[in-house]
Each structure stands twice: as structure tokens, then as C-alpha cells.
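Undergrad: Encoded as C-alpha cells, here's the structure I'll be asking about.
The values are calculated or read from the model by the stated rules, or taken from the named source; none is laboratory data. Because the structure is predicted, anything quoted here is derived from the model rather than measured. Note that each Cβ is placed from the backbone with ideal geometry, even for glycine, and that neighbours are counted across all protein chains shown.
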Amino acid sequence: MSAAESKPTEKQEQVMKYLRENHVSEELNLIINKLCKDLTEDPYGYLARECMTRAKAPVITRLQGREVLDSRGNPTVECDVYANVLGKEKLVGRSAGPSGASTGSNEAHEMRDGVKERYLGKGVEKAANNVTTALSQAVKGQELGNLRALDEALCRADGTQLKQNLGGNAITAASFALAEAGAFLKEQELFLHLASAYHGGSTPSKYTLPRPLVNILNGGKHAGGELKIQ
């Protein structure tokens, strides 16, 4: 064989460079050696688990918002979270924001379309579109493990205290869905994921049950009297 015939092609050189940069040969050797030592009953399951521990962490590819109806038949915002998981885009979380009957002056702004022909002006297509566009762009490429960072990114995208630019309903739905997605990927119950996110990355050793809440002064739309506050 001549020297010209034995010289690697450009494609072969690209492949060899790719394998070297990602340490594929070294890592496969380690995995195979561990498999030969353990001799598990499910060698392919063992290989899959070992390879997954070396895989890149899932990152958000996009959010998808839509208008749905809540339990009272009123429009509210629902959000889907898509992430790149093991090299493939996958739906990893879905949740909807609540739609209250009464809203205080200092609560986050609930964005409604105001088109009387649709749900008497209560439609939320604008807010749902904000999920798909601005909020999706705000968290694209981020990992799902840091819930605080994701919520901060959603708030920065709006830029107002009461969420008047993108809608509190859009941001709430996105935040809920991102929390659900993080719990799903960690194979945890949602309450464990939330506890970890707001407890320095570790789950607390002791939990307490939620304490009951009792209304002493009840007003607003839910009460029969003329009291304005709730």
C-alpha cells in the first residue's frame, strides 16, 4: 500500500478529532472494564446507565404557550417546556397558571386580550404568545436544575414589578411548568424538587405539614357584604 493510500481522508480525520476531543475511547474502555468486573444480568441496561451519567445535562430548547380553559370555564395560560434530553428534543413539563376571581391592586398583572367577541374580553392569546416568544427566549439554553435562576430570567424578561409587559399569568404558567420539568428530569416528586431548589440544593432532613389558613375578614367578590378588601 502506498503512502497516499494509507493517508486518512478528511472525514476520517474529523471523526478521529471528534473522538479524541470527547474522550470517547477512554470512557468506553472504563465502562467496559466496569461491566466485565460486575458481570450484571442486564449488560445493555448497565451500559445505558453508565453512558447517561456522562451525558450532557438537559437544556431548555423552547417554551410553548397556549390558551386553555380553567375549571370555571375561563381562559388561562398553559405552558409546555421542551428540552434537549440525550441529544433529542423532548416535552418534559406542562402546567397552567391559576385564574382568580378577584385580583388585588398589588398582585401581578393578569394580561387579557380585551376582545369582547372572545370570552367577553377575557382571552389570553397575547399572554400565551408571550410565553412562546419572549419568555421562551429568556430561558433557552439554560439547565432546568436551578429554579431560582429560571424564575429570575422570567422576571428580567418582563422588567416590571407587577409583570405588566408580558403578563403575570404568562410568567406564572411558565414558572410552574419549569418546576414540573425539573422535577420530572430528576425523577422526583415536585415538593422534593421545590424543597431542594430553595434549600441550597439539598433536601431538608425534616418536613412539616402546611399550616391551616382561616379567613377572619372576607371581602371582595367572594363575600356577600360590601367589604372591599379580602
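Undergrad: Looking at segment 72-98, I want the residues that are over 15 Å from Arg62 (Cα atoms) and have a partner that is of a type in the set (Phe, Trp, Tyr) with Cβ atoms under 8 Å, at least 6 apart or on another chain. Which pairs are those?
TA: Asn74/Tyr119; Pro75/Tyr119; Ala96/Phe176; Gly97/Phe176
Undergrad: For Val77, are the conditions met, namely being within 17 Å of Ala170 (Cβ to Cβ) and surrounded by 20 or more Cβ atoms within 10 Å (Cβ to Cβ)?
TA: So Val77 fits the description; yes.
Undergrad: Search segment 139-153 for residues being under 17 Å from Leu194 (Cα atoms) and out of contact with any strand residue (DSSP E or B) (no Cβ under 7 Å at 6 or more places or on another chain), and hand back the single one that is surrounded by the fewest Cβ atoms within 10 Å (Cβ to Cβ).
TA: Among those that are under 17 Å from Leu194 (Cα atoms) and out of contact with any strand residue (DSSP E or B) (no Cβ under 7 Å at 6 or more places or on another chain), it is Arg148.
Undergrad: Kindly establish whether Phe191 is surrounded by 10 or more Cβ atoms within 10 Å (Cβ to Cβ), of a type in the set (A, V, I, L, M, F, W, C), touching a strand residue (DSSP E or B) at 6+ places or on another chain (Cβ under 6 Å) and under 27 Å from Pro58 (Cα atoms).
TA: No: the conditions fail for Phe191.
Undergrad: Is there a residue in segment 177-196 that is of a type in the set (Gly, Ala, Ser), more than 12 Å from the chain's Cα centre (by Cα) and closer than 30 Å to Asp113 by Cα?
TA: There is no residue in segment 177-196 that is of a type in the set (Gly, Ala, Ser), more than 12 Å from the chain's Cα centre (by Cα) and closer than 30 Å to Asp113 by Cα.
Undergrad: Next question. With respect to the numbered conditions (1) in the same structural domain as Ala108 (by TED's automatic domain parsing); (2) more than 26 Å from the chain's Cα centre (by Cα); (3) of a type in the set (A, V, I, L, M), which one is the sole condition not fulfilled by Ile216?
TA: So the condition that Ile216 fails would be (1).
Undergrad: Restricting attention to segment 61-69, does a residue exist that is at pLDDT below 90, small (Gly, Ala, Ser) and not in a helix (DSSP H, G or I)?
TA: No, segment 61-69 has no match at all.
Undergrad: Identify the single condition in (1) surrounded by 10 or more Cβ atoms within 10 Å (Cβ to Cβ); (2) assigned by TED's automatic domain parsing to the domain that holds Val77; (3) not small (Gly, Ala, Ser) that Pro204 does not satisfy, given that it satisfies every other one.
TA: Every condition holds for Pro204 apart from (2).
Undergrad: Then there's this: For Thr53, are the conditions met, namely being in contact (Cβ under 8 Å) with a residue 60 or more places away in the chain, β-branched (Val, Ile, Thr) and out of contact with any helix residue (DSSP H, G or I) (no Cβ under 6 Å at 6 or more places or on another chain)?
TA: No: the conditions fail for Thr53.
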